[in-house]
Structures are given as C-alpha cells and as structure tokens.
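Readers should treat all values here as calculations from the given coordinates under stated rules, not as data from a laboratory. This is a predicted model, so every value here is computed, not measured. Don't worry about glycine lacking a Cβ; one is built from the backbone with ideal geometry, like all the others, and counts go over all protein chains shown.
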Amino acid sequence: MKRLFIIVEGQTEEEFVKRTLAPYLNEKGIFDIRPILLKTSKTPQGSKKGGIPNFDKFKKEALRLLKKEKDSIVTSMIDFFRLPTDFPCYKTAHEKKQTLEKINQLEKCLKDKVEHPHFIPYIQMHEFEALVFAFPSEIEKTDAQNNKIKPEKRKRELQKIIEKYSTPEDINDRAESAPSKRLEKLIPGYQKILHGNKIIQDGGGIKILLQKCPHFKGWVEKIEKACSCKPD
C-alpha cells in the first residue's frame with residue numbers, strides 16, 4: 001500500500017489532515033497518511049514553528065520524503081497567500097489576472113522543479129481559511145469570546161461576502177481582506193487551529209468542501225488516483 005505524505009505549513013493544516021482529510025481517504029482505502037509539518041525556527045518557548053521559509057527547503061523536504069520509499073506519494077498543502085517569492089514561476093504567475101490561473105502555473109512549475117512522478121503539488125487558493133467559508137451557518141453561530149457580535153449583524157456581513165464570490169476559494173481582495181482577516185472580524189478571538197477546524201467538522205466536513213471548493217476537490221481526486229494505482 002502506498003504511503004501518503006502531505007507537506008503542510010502549519011498546525012492548522014496538520015490538524016485538518018488528521019481530523020478531516022485522513023478519515024475521508026481511509027474510506028477510499030488509503031490508510032497510511034502522514035502530515036509533515038515543514039519546521040523552521042524555534043519559538044521562545046522552545047517549540048518549533050511551522051511555515052514555508054523558501055523553495056529550497058520545501059524541495060529538499062519533498063525529495064527526502066520521495067526517496068524514503070519507492071511507492072510513496074508526496075503532496076503539499078500550502079497557502080498561496082504569502083507564498084515565498086523564490087518559488088518557481090512566482091513572478092510570471094503573478095502577472096496573470098485570475099488567482100486560479102496564477103496557482104495553476106505555480107503548481108505546474110513546482111511539479112517541473114521537483115521532477116518526480118509521485119509528487120502532487122497543491123497550493124490552497126489564498127489560504128486555509130477560504131475553506132472555512134464553505135460553512136456559513138457554522139460561522140454565524142461560532143463565538144470565541146464573550147463580547148458577542150449581534151447575530152443579525154454577523155449574518156448580514158457574512159451574506160455580503162458569500163454573495164460576492166462564486167466559491168469560498170475565491171474569497172479575497174487584498175492582504176487586509178484575506179479570508180483569515182475576515183473571520184477575525186466576524187468572530188472576535190478567532191483561533192485558526194481551534195475554530196477553523198471545528199467549524200469544518202461541525203458543518204459537515206469534507207463532503208461539503210468537495211461540493212463547494214473545486215480546486216480543493218481536484219487535489220483530493222488526484223490523491224485518490226495516485227494512491228490507488230498499482231506499484232511501479
């Protein structure tokens with residue numbers, strides 16, 4: 001059976017793989033799923049901080065995992081938002097108008113640079129929190145602090161966001177209105193690891209994401225196909 005390594009840039013994505021993606025893939029007969037947090041510097045408390053510092057470190061980690069076992073599949077779950085500028089095709093990709101066009105080119109160049117048939121590049125449109133917006137009813141009733149926003153106001157603001165974009169993955173205008181920034185305004189005290197994953201879990205999980213988030217769905221389908229193939 002093929003082992004699936006997923007390089008993630010933070011604990012939020014690591015938790016998502018464990019709690020949401022892995023159980024779904026288990027149902028498809030894919031059982032050995034390992035999120036790999038790309039570690040960078042240590043925090044003052046001594047724990048290691050996640051993140052994608054540069055392309056070179058990402059590539060070295062991907063190749064290391066691909067060499068561990070002949071049949072291993074390696075993929076990534078990293079954000080387009082604040083992607084390091086040294087990633088291949090970064091400049092030319094950003095010349096394109098549509099975010100999905102930019103990401104498609106970045107993923108293609110990433111595949112070319114890693115240059116391995118068992119590598120599946122995936123860059124999350126904007127950032128992880130875009131996926132959370134697939135669950136508006138759960139966002140409406142989530143409160144992280146006692147100073148609650150009035151339900152009517154939250155619902156009204158949330159509806160404006162949902163109606164403006166074709167899919168949750170499209171939600172973004174600029175850095176100050178990234179999905180995570182919007183959630184922080186809608187849910188004072190919002191914490192990525194705790195609240196984002198809980199909203200997804202309580203709202204129906206991955207099946208809703210597959211319905212509402214086409215770029216995410218395409219990635220999951222690629223994983224299923226790669227892991228179901230017979231060993232070379």
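Between Ala175 and Asp112, residue separation times 0.36 nm minus the direct Cα-Cα distance comes to 19.8 nm. Among Ser180, Ser76, a tally of other beta-carbon atoms within 10 Å of each Cβ gives an order, fewest to most, of Ser180, Ser76. Listed by chain and number, the lysines whose C-alpha is less than 18 Å from the C-alpha of Lys28, apart from same-chain residues fewer than 8 away, are Lys2, Lys18, Lys207, Lys217, Lys222, Lys225, Lys230.
Inverting the pair-averaged 1/r between distinct Cα atoms of the range 129-203 gives 12.3 Å as its Kirkwood hydrodynamic radius.
The fewest-to-most ranking of Phe31, Phe128, Phe87 by surrounding Cβ atoms within 10 Å reads Phe31, Phe87, Phe128. A crude spin-label estimate for the pair Gln98 and Ile193, with each label 7 Å from Cα along the Cβ direction, gives 3.7 nm.
So what's the convex hull volume per residue for the Cα atoms of the chain, in Å³? Present the calculation step by step, with values, prior to reporting the outcome.
Numbers: hull volume 29.7 nm³, N = 232.
Measuring per residue, one finds 128 Å³ for the Cα hull of the chain.
Simple rule: put +1 on each Lys or Arg Cβ and -1 on each Asp or Glu Cβ in the chain, find the dipole, and look at Val220, Ile78, Pro168; the Cα lying farthest toward the positive end is Ile78. A simple spin-label model places the labels of Tyr165 and Lys153 2.3 nm from each other, with each point 7 Å out along Cα-to-Cβ.
Beta-bridge orientation, the chain: approximately 10 percent antiparallel, per DSSP, counting only bridges with both partners inside. Each Lys and Arg Cβ is given +1 and each Asp and Glu Cβ -1; about its Cα centre, the range 58-111 then shows a dipole of about 140 debye.
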